[in-house]
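Working notes, beginning with the structure itself.
The values are calculated or read from the model by the stated rules, or taken from the named source; none is laboratory data. All values reported here derive from a predicted model rather than from experimental measurement. Please note: Cβ atoms are built from the backbone with ideal geometry, for glycine as well, and neighbour counts cover all protein chains shown. Heads up: the accessible areas ignore ligands, DNA and RNA and are worked out on the full protein's heavy atoms, side chains in. Shrake-Rupley method; radii C 1.70, N 1.55, O 1.52, S 1.80 Å.
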Amino acid sequence: MKKYEEYMKKVGDRRDLYNLLSINFPIKKVLYPGSYVDITPSIYFSYTVYVDNDKKAKKFFKKENIIKEFISENKEYPENYYIKYYPNDYRSKFDEEKNSFDLLISLYAGFISKYCKNYLKDGGFLLVNDSHGDASMAKLDRNFRLIAVIDYKNSKPVISQKNLDQYFILKKQFAVTPSFLEEYKKGIDFTKKADFYLFKLEY
Ligand SMILES: C[S@@+](CC[C@H](N)C(=O)[O-])C[C@H]1O[C@@H](n2cnc3c(N)ncnc32)[C@H](O)[C@@H]1O
């Protein structure tokens, strides 16, 4: 698990973040496209699916026994765990049931809200940041409703469901469209930003 530990040291420990979600929302089945080697969700959610086509991610997920031992030793739920990895491009189809996941994770890995939305069930959640513009992309999607923001305060994630209409307000007015975001590929300069956004899928 050296690769995982080194990576989490680099990007920051996310255990508190996933713990917060697991406590506050009914989430069991999680899809994490563009995960790289971040298997932290498996500590808090019993059914986790990872999709990443990076060479190093493929090598990491080959060490199945070590990963399984890590989850068994660290999991915070009583039931058995399930973990699956696809070495795929998440923009192409992979063999998971549509409309079935409780949570879709999109962190620093492109427009996952667009390409993997169909795996999320009606009423499911999207955890997303705006590093690559994917939170902005979700905001443009009429089926995603912003229900909370999460900010780190004193190194702890804090969730808020208040004043959500203060987010995604442009400093300078211009037409933000999906094609603009796909070209731009980074977060927009909004008047107020959060570290993470939580959307709910509602058809
Ligand atoms: C910057 S890393 C972020 C990893 C992780 N989400 C995190 O927050 O620590 C981006 C990852 O997304 C993966 N990725 C980007 N586009 C992808 C695609 N179309 N299909 C599969 N994986 C992709 C890359 O291979 C890389 O591992």
Qualifying residue in segment 8-17 (condition: buried (at least 20 other Cβ atoms within 10 Å of the Cβ), in contact (Cβ under 8 Å) with a residue 40 or more places away in the chain and out of contact with any Leu (no Cβ under 7 Å at 6 or more places or on another chain)): yes
Tabulated pairs, segment 165-179, first closer than 18 Å to F111 by Cβ, second of a type in the set (G, A, S) and not in a loop (DSSP other than H, G, I, E, B), C-beta under 9 angstrom, 6+ apart or interchain: F168/A135; F168/S136; V176/S136
Only one of D122, D189 that is loosely packed, with under 11 Cβ neighbours inside 10 Å, touching a Leu at 6+ places or on another chain (Cβ under 8 Å) and within 20 Å of S22 (Cα to Cα): D122
Test for L21: is it under 20 Å from S155 (Cβ atoms), under 13 Å from the mean Cα position of the chain (by Cα), surrounded by 14 or more Cβ atoms within 10 Å (Cβ to Cβ) and more than 12 Å from the ligand (Cβ to nearest atom): yes
The one condition in (1) open to solvent by 20 Å² or more (accessible area, probe 1.4 Å); (2) more than 16 Å from the ligand (Cβ to nearest atom); (3) touching a strand residue (DSSP E or B) at 6+ places or on another chain (Cβ under 7 Å) that D141 fails to fulfil: (3)
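Mind checking which strands (runs of 3 or more DSSP E) fall wholly inside segment 134-203 and carry at least 1 residues that are touching a Gly at 6+ places or on another chain (Cβ under 6 Å), modelled with pLDDT under 95 and more than 20 Å from I27 (Cα to Cα)?
Values: elements: 144-153, 156-160, 196-201.
Result: empty, no element qualifies.
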All positions within segment 160-180 that are surrounded by 14 or more Cβ atoms within 10 Å (Cβ to Cβ) and either more than 22 Å from L120 (Cα to Cα) or among the hydroxyl-bearing types (S, T, Y) (or both): L164, Y167, F168, V176, F180
